[in-house]
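Undergrad: Quick one: the structure is below, questions incoming.
The values are calculated or read from the model by the stated rules, or taken from the named source; none is laboratory data. Everything numeric here is computed off the predicted structure, so don't read it as measured data. Reconstructed Cβ throughout: ideal geometry from the backbone, glycine too, with neighbour counts over all protein chains shown. When the accessible area is computed, the model is the full protein with side chains, heavy atoms only, and any ligands, DNA or RNA have been set aside. Shrake-Rupley method; radii C 1.70, N 1.55, O 1.52, S 1.80 Å.
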Amino acid sequence: MKNALQAFMKRPTTWVGLITAIMFQVIFSVIWMTGYNGVTDRIDQLKIAVVSEDQQMGQQISTGLLQSLPFNMSKIDSLDDAKDQLNARELQMVVVVPTDFTQKASAADGTASIQYLINESNPALIKSIMSGAAAQITAQINGQAVAGGIQTVLGNMSMPADQAAAAAQGLSQRVISDVQSTNVVKGMNNQMVPMMMVLASYVGAMIMGMNFEQSSMAVSGSVSRWRRFAARSVINVIAAVVVSLVGSTLLASFGGQMVQGFLHIWLFQLLFVLTFIFVSQLFLYLFGMAGMLFNIILLSAQLVTSGAIVPRELLSDFYIKLGDALPATYAVEGTMNILFGGPAATSDALLLSLIAVIAIAISMFAVAMKKQPVLQQQPTVVVAGQKR
């Protein structure tokens, strides 16, 4: 036992494994604790728009909401424009005061409704926060409407008993919430798919790249650096096709939500898996096996900044800008659009392609800068007077 332990501890790979396990703890702790620090204090970064179609009480209500709510509030005149911004995730909720609000709210026995539009094609936390905000807004507006209703009842003291009873009952609840969700996500299992796809794809790319680097080192004595780079790139493309096809097929087999269809999600996953592969191998080309440390950092940073778990709007400026430069951000946004609904994923695909091209270019530069080991000559064997 003692001899075996000593033998293990003398191997460099044993120490690499121990250090890697420790670095996972250090890196994830530092990035996650700093990345999510103060998230609940940045609720005011979430954007809510108010659309008033009522020209009487609606104007007063919208003005009051703009001044009192702890969110990034704005007023939009066109409901269609507000819906477009909501669909593009430029807004987190739209509050609509309907045309007949004043008429229903001012009636002695009337009940008016406030409409709330929420885009569920977002991190689950968005729906939770906006649902709470909707309840808060309704309570605030209801208080104003009740006060107006009391004035109406007092001005009609001679009304019949049955009408007075109905009016009194209506005073406690004159405004109700009408919450309407767009791009509805069907179940928590579907809600977690974007994070699962990004996590599985990048970790898979990391591990695959590490093994490819070891294979490249093993054949470096007999294969030139550019031939190794070319062969590795071809294998990367083939691997991305197979991996993405397996992932998308399994998602479809388990009944995963796919608003834009299987072909769209497969092709988009193919793109971001290929981007992940080239980005993760970039550090291996630059630093060899030590590049895995940078991949661990990048994995943790992308989980925090991509918007798969916590809305990006709640992060600090540093982590928002960091996320803008990392591929997982666009992988998550495009995946949400394809799976749950939203704008076309064209812009996300273009940005992923740009990141992949930059990673390939830097990798080629790293290959060009490295010295080529002396290639081993194949031994010449003479058999029956012939050279082989």
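Undergrad: Could you tell me the accessible area of D80 in Å² (1.4 Å probe, neighbours in place), rounded to the nearest ten?
TA: 100
Undergrad: Further question on the same structure: Using 0.36 nm per residue of separation minus the Cα-Cα distance, give me the extension gain between M217 and I235 in nm, one decimal.
TA: Additional length available on full extension: 4.9 nm.
Undergrad: Tell me the angle of helix 327-340 to the major Cα principal axis of the chain, expressed in degrees between 0 and 90 and rounded to the nearest ten.
TA: 50
Undergrad: At 1.4 Å probe size, with no ligands or nucleic acids counted, give the accessible surface of V237 in Å², nearest ten.
TA: The accessible area comes out at roughly 70 Å².
Undergrad: Considering only protein heavy atoms, what per residue accessible area in square angstrom results for the chain with a 1.4 angstrom probe?
TA: So the chain comes to 52 Å² accessible per residue, rounded to a whole number.
Undergrad: Enter the accessible area of M369 (Å², nearest 10), with the probe set to 1.4 Å and all protein chains included.
TA: In the full protein context, M369 sits at about 130 Å².
Undergrad: A follow-up question, please. When the gyration tensor of the stretch 177-222 is built from Cα positions, what are the square roots of 5 times its three eigenvalues, in whole Å, from largest to smallest?
TA: Ellipsoid half-lengths, sorted descending, are 45, 7, 5 Å.
Undergrad: Could you work out how much longer the chain between D44 and I22 gets when fully extended? Use 0.36 nm per residue separation minus the Cα distance between them, nm to one decimal.
TA: Length gained, D44 through I22: 4.2 nm.
Undergrad: Quick one, can you get me the convex hull of the C-alpha atoms of the stretch 75-118 expressed as volume per residue in Å³?
TA: Each residue corresponds to 64 Å³ of Cα convex hull volume.
Undergrad: Using a 1.4 angstrom probe on the protein heavy atoms only, line up K371, K104 by accessible area, largest first.
TA: If we order K371, K104 from most to least accessible, we get K371, K104.
Undergrad: Here's a follow-up. Enter the per residue convex hull volume of the stretch 8-70, computed from alpha-carbon coordinates, in Å³ rounded to the nearest integer.
TA: Convex hull of Cα atoms, per residue: 89 Å³.
Undergrad: Please give me the summed charge of the neighbours of D54: other residues whose Cβ is under 15 Å from its Cβ, Lys and Arg +1, Asp and Glu -1.
TA: -1
Undergrad: Let me ask something additional. What order do M289, M197 take when sorted by accessible area (1.4 Å probe), most exposed first?
TA: I get M289, M197, largest accessible area first.
Undergrad: Still on this structure, I have one more. Quick one: Cα convex hull volume of the chain, Å³ per residue?
TA: Measuring per residue, one finds 212 Å³ for the Cα hull of the chain.
Undergrad: Give the ranking of R225, R89 by solvent-accessible surface, highest area first, calculated with a 1.4 Å probe.
TA: Heavy-atom accessible area, descending, gives R225, R89.
Undergrad: Could you identify which residue out of A331, A134, A290 has the top mean-square fluctuation in a GNM of the chain using Cα springs shorter than 10 Å?
TA: Of the options given, A290 has the highest mean-square fluctuation.
Undergrad: Okay, moving on. Please list the radius of gyration and Dmax for the stretch 219-286, considering alpha-carbon atoms only, with Å as the unit.
TA: Here Rg and the maximum Cα pair distance are 15.4, 50 Å.
Undergrad: Sticking with this structure for a sec: Throw me the Rg/Rh for the stretch 204-341, computed over C-alpha atoms with Kirkwood Rh, two decimals.
TA: Here Rg/Rh amounts to 1.02.
Undergrad: With no solvent and one equal point scatterer per Cα, compute the Debye intensity ratio I(q)/I(0) for the stretch 36-110 at 0.17, 0.21 Å⁻¹ and report its log10, rounded to two decimals.
TA: With no solvent term, the Cα-only Debye profile gives -0.69, -0.91.
Undergrad: Moving on to the next point. Quick one: net charge of T305's neighbours, Cβ under 11 Å, K/R +1, D/E -1?
TA: +1
Undergrad: Cut-off 18 Å, label point 7 angstrom out along Cα-to-Cβ of M192: give me the residues of the stretch 266-307 whose amide nitrogen falls inside.
TA: Hits in the stretch 266-307 for M192 at 18 Å: 303-304, 307.
Undergrad: Sticking with this structure for a sec: For the chain, what % of the accessible area comes from carbon and sulfur atoms, probe 1.4 Å?
TA: 64
Undergrad: So the label point goes 7 Å from the Cα of K371 along Cα→C-beta, right? Which residues of the stretch 273-310 then have their backbone N under 20 Å from it?
TA: 285-290
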